[in-house]
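> Following this message is one structure expressed as structure tokens.
Derivation of every value follows stated rules applied to the coordinates shown; laboratory data play no part. What you see is a predicted model; the values in this text were computed from it and never measured. Cβ sites come from the backbone with ideal geometry, for glycine too, and all protein chains shown count toward neighbours.
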Amino acid sequence: MREELGAEAVRRCDELGTLSEEAGRLTRTFLSPPVREVQRRVRVWMEAAGMSVRLDAAGNVIGRYAPPGATGPAFLMGSHVDTVRDAGRYDGILGVTLAIAAVDGVRRRGLALPFPLEVLAFSEEEGARFGVPFLGSRAVVGSYDPDLLARRDAQGVSVAEAIRDFGNDPAALPAAEIAAPAAFGYLEAHIEQGPVLESLGAPLGLVSAITSQSRLTLTFGGRSGHAGTTPMGARRDALGGAAAFVLLAEAEALATPGLVATVGQIAALPGSANVIPGRVTLSLDVRHPDAAVRRAAVERMLAAGAAEAARRRLEMEATPVFEHAAVPCDAALSAVLRTALGAMGLTAPSLVSGAGHDAQVLAARWPVAMLFLRSPGGISHHPDEAVLPGDVALAVGAMVDFLERLGGQRSGPAADDATGGASRGV
């Protein structure tokens with residue numbers, strides 16, 4: 001059965017990969033037009049797996065499955081349905097289709113779990129439209145605020161306006177929050193997005209922690225001028241200062257073990273070929289497993305950038321956009337997942353995730369665990385992103401077995417059998 005469910009999970013990712021706001025490439029940002037069809041199809045799949053379905057004001061799709069006799073707090077699973085620009089087909093959405101497949105496996109097996117299951121298809125995680133990630137999971141934990149709703153995209157549309165344009169009501173966002181007592185944990189399956197599992201020959205891995213991260217917007221201000229008549233020594237070229245900063249950030253990352261720094265967006269104004277740029281904005285993304293190391297590196301980058309800007313007679317301003325400390329995964333949930341994997345004959349390596357995930361937002365409220373799937377070639381955030389069908393089938397089996405064992409633990413006396421016996425498979 002797990003091979004059938006795994007193949008279906010992959011097929012559904014491929015199907016949703018055709019729903020894009022840009023012709024010729026996969027781009028699906030927060031509440032963009034194709035999201036309506038994504039919501040519709042996810043709803044159909046959830047209902048086919050025996051779930052009741054609701055939509056919240058942030059555009060999240062939530063499916064609920066309550067086995068006969070199940071009571072009390074729910075266990076949550078899921079991931080996100082949005083993408084970066086020119087994306088692959090599996091980042092995020094595979095975690096949704098796998099969660100649906102796991103619920104279907106529980107239903108088909110007739111497992112008498114003592115708790116309900118909820119699958120969360122988050123509307124936004126990547127930050128591609130508004131520059132701030134986790135708009136979907138923030139709603140679930142109640143961390144929306146007026147400043148966030150006022151953020152605007154490149155077309156000047158605010159988050160609040162985007163929600164209204166989609167037919168939802170920003171005033172209803174508080175109702176999207178899932179109260180802490182209503183759930184007791186969260187599991188997210190995700191492609192690794194890196195080369196470690198492939199290099200180890202391992203199909204699946206356990207995430208021990210999610211790395212810490214800073215995102216900032218930097219602005220360099222100079223003076224526009226004629227490209228042909230302004231001598232080089234008289235220029236206050238904002239793009240020159242920005243370019244120097246990009247190299248300074250790269251050098252800092254290369255000199256600090258474990259640190260990564262990325263400038264992924266840059267805009268030069270006024271944007272004419274024959275005009276010296278007078279204003280440049282760029283994004284900065286810095287990550288490290290140790291938050292103290294990350295913060296110190298960001299401070300060094302900004303200090304070096306400010307000194308370079310002063311040397312060039314420019315102004316530099318840095319605006320924090322997002323910051324998150326490293327988030328450890330829950331040891332108890334991870335132990336149950338490791339047991340499930342072991343019962344399938346798998347020794348899953350432990351990895352620190354260098355990417356951010358919805359799990360880090362939900363970890364502020366509930367224990368979380370994460371299951372990584374091997375990424376062929378280590379490729380992600382790219383159209384060549386891929387998964388291996390056999391790995392996906394193993395993931396389905398591990399998730400169903402995990403839920404069965406977790407159910408045994410929460411049933412009391414049956415805990416020893418549930419957590420120590422061999423898996424029957426899916």
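> Kindly rank 124-136, 218-230 from highest to lowest mean number of other beta carbons found within 10 Å of each residue.
124-136, 218-230
> Please list, in order along the stretch 129-140, the HN-Hα scalar couplings obtained from phi with the Karplus expression 6.51 cos²θ - 1.76 cosθ + 1.60 (θ = phi - 60°), rounded to whole Hz, x for Gly and Pro.
Result, ordered by residue: 8, 10, x, 10, x, 6, 5, x, 6, 4, 5, 5 Hz.
> Would you calculate a helix-derived [θ] at 222 nm for the chain, using -39,500 (n - 2.57) for each DSSP H run of n ≥ 4 and dividing by the full residue count, to the nearest 500?
Dividing the helical sum by the residues of the chain leaves -11000 deg cm²/dmol.
> Kindly list the residues of the stretch 63-81 that lie in the label zone of Ser350, defined by a backbone N under 14 Å from the point 7 Å along the Cα-to-C-beta vector.
none
> Something else about it: To the nearest 0.05, what FRET efficiency results for Glu37 and Glu317 with a Förster distance of 35 Å applied to their C-beta separation?
Efficiency at R0 = 35 Å is approximately 0.30.
> Give a residue-ordered list of calculated ³J(HN,Hα) values for the stretch 312-317 (Karplus: 6.51 cos²θ - 1.76 cosθ + 1.60, θ = phi - 60°; whole Hz; x for Gly, Pro).
8, 6, 10, 9, 10, 10
> Taking amide H positions as placed in the peptide plane 1.01 Å from N, state which residues far from Phe115 in sequence (5 or more) or on other chains have amide H under 5 Å from it.
Thr71
> For the stretch 264-363, run through the GluC sites (Glu not before Pro) and keep only the ones in DSSP coil with at most 16 other Cβ atoms within 10 Å of their Cβ.
none
> Also: Most mobile of Gln39, Gln213, Gln155 per a Gaussian network model of the chain (Cα springs, under 10 Å)?
Per the Cα network of the chain with a 10 Å cutoff, Gln155 tops the list.
> If you don't mind, there's one more thing I want to ask. So how far, in whole Å, is the C-alpha centre of the stretch 38-81 from the one of the stretch 210-280?
44
> Going by a ≥ b ≥ c, the root eigenvalues of the Cα gyration tensor, does the stretch 83-196 fall in the rounded group (a/c under 1.5), the prolate group (a/b larger than b/c) or the oblate group?
oblate
> Suppose every K and R has +1 on its Cβ and every D and E has -1 on its Cβ; what is the size of the dipole of the chain about the Cα centre, in Debye to the nearest 20?
Around 480 debye, computed over the chain.
> While we're here: Order of 277-284, 398-405 by packing, highest average Cβ count within 10 Å first?
398-405, 277-284
> Could you list which residues have their amide H under 5 Å from that of Arg236, counting only those 5 or more apart in sequence or on another chain, with H placed in the peptide plane?
Hits under the 5 Å cutoff: Arg223.
> May I ask you to list the residues of the stretch 194-216 whose amide nitrogen lies under 17 Å from a point 7 Å from Cα along the Cα→beta-carbon direction of Asp384?
In the stretch 194-216, the label zone of Asp384 (backbone N under 17 Å from the point 7 Å along Cα→Cβ) covers 194-196, 198-199.
> While we're here: Ser411 versus Thr217, label points 7 Å from Cα toward the beta carbon: distance in nm?
Here the modelled spin labels are 5.3 nm apart.
> Quick one: Karplus J couplings for the stretch 227-232, per residue in order, coefficients 6.51, -1.76, 1.60, θ = phi - 60°, nearest Hz, x for Gly and Pro?
Using θ = phi - 60°, the values come out as 5, x, 10, 9, x, 4 Hz.
> Ok, one more. Restricting the calculation to Cα positions, tell me the Rg (one decimal) and the Dmax (whole number) of the stretch 212-324 in Å.
14.8, 49
> Moving to a separate point now. Ser353's amide H: which non-local residues (gap 5+, or another chain) put their own amide H closer than 5 Å, with H modeled 1.01 Å from N in plane and none for Pro or chain starts?
Excluding prolines and chain starts, which carry no amide H, the hits are Ser208, Ala209, Ile210, Thr211.
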